[in-house]
1. Would you be able to tell me the number of residues in region 19-31 that are within 10 Å of residue 7 (Cα to Cα) and not hydrophobic (A, V, I, L, M, F, W, C)?
2. Select from region 49-68 the residues that are in a loop (DSSP other than H, G, I, E, B) and either in contact with a Ser or Thr (Cβ under 7 Å, 6 or more places away or on another chain) or within 12 Å of residue 10 (Cβ to Cβ) (or both) and list them in ascending order.
3. Applying the selection to region 69-95, what residues are outside any helix (DSSP H, G or I), of a type in the set (A, V, I, L, M) and under 30 Å from residue 145 (Cβ atoms)?
4. Among (1) buried (at least 18 other Cβ atoms within 10 Å of the Cβ); (2) of a type outside the set (S, T, N, Q); (3) more than 18 Å from residue 98 (Cα to Cα), which single condition is residue 45 missing?
5. Within the group 64, 123, which residue is out of contact with any Asp or Glu (no Cβ under 8 Å at 6 or more places or on another chain) and among the β-branched types (Val, Ile, Thr)?
6. Does any residue of region 148-158 turn out to be under 14 Å from the mean Cα position of the chain (by Cα) and of a type in the set (D, E, K, R)?
7. Filter region 96-123 down to the residues that are without any contact (Cβ under 8 Å) to a residue 60 or more places away in the chain, surrounded by 20 or more Cβ atoms within 10 Å (Cβ to Cβ) and either assigned to a loop (DSSP other than H, G, I, E, B) or basic (Lys, Arg) (or both) and list them by number.
8. Could you please give the count of residues in region 122-149 that are under 12 Å from residue 102 (Cβ atoms) and either among the hydrophobic types (A, V, I, L, M, F, W, C) or touching a His at 6+ places or on another chain (Cβ under 9 Å) (or both)?
Amino acid sequence: MTQSNFLFVGDSLIADFNWQTRMQHFKILNHGIPGETAQGLRNRLPDITKNIATPELILVMIGTNNLIIEDYHFLDTLRDITVQLSSRYPAAEVIINSLFPCQLPWASLDTLRKINKATEAMTRKTGSCYLDMFNKVKPNSEFFQSDGIHLTPKAYDIWAKSILEFVAFLIED
């Protein structure tokens, strides 16, 4: 049986986890880079799409590093990324992951909720999918490392399970 290609793009939250061990039914193509911003990912897309022929699924996790540099206006860039991926891979399901409830003194949870709400609205307009992880992971030390940004193994377990459940729903639908 041929495994479906599942492309992961984004920042260290993508790069720092071995997705293949949790998602053995897929061939995981991990293109996460620590420190990546939405603008950086958009700039890398031509190289990624040139080297990846046919993913059936794409997960985008980006925006956390934009928040770290106090850039709250990356939604247009995320829309560009979504449209480019959908155009390059019209048969693929593009899944946009919400921001996590990370702990940044200058970005309140309410601010993150507003960004996520705008992101969810953007996914509806672009025909992509939205995976809400903000409400599945609580902003505490059980789910976040001491920096308040990077995830613990427990959070990755919940995230991986949520992705698999979401993909199963997409396949059934």
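1. 3
2. Hits for region 49-68 are 56, 62, 63.
3. Matches in region 69-95: 69, 94, 95.
4. (1)
5. After applying the criteria, what remains is 123.
6. no
7. Hits for region 96-123 are 98, 99, 101, 102.
8. 6
The values are calculated or read from the model by the stated rules, or taken from the named source; none is laboratory data. Keep in mind that this is a model prediction, so the values were computed, not measured. All Cβ positions, even for glycine, are placed from backbone atoms using ideal geometry, and neighbour counts span all protein chains on display.
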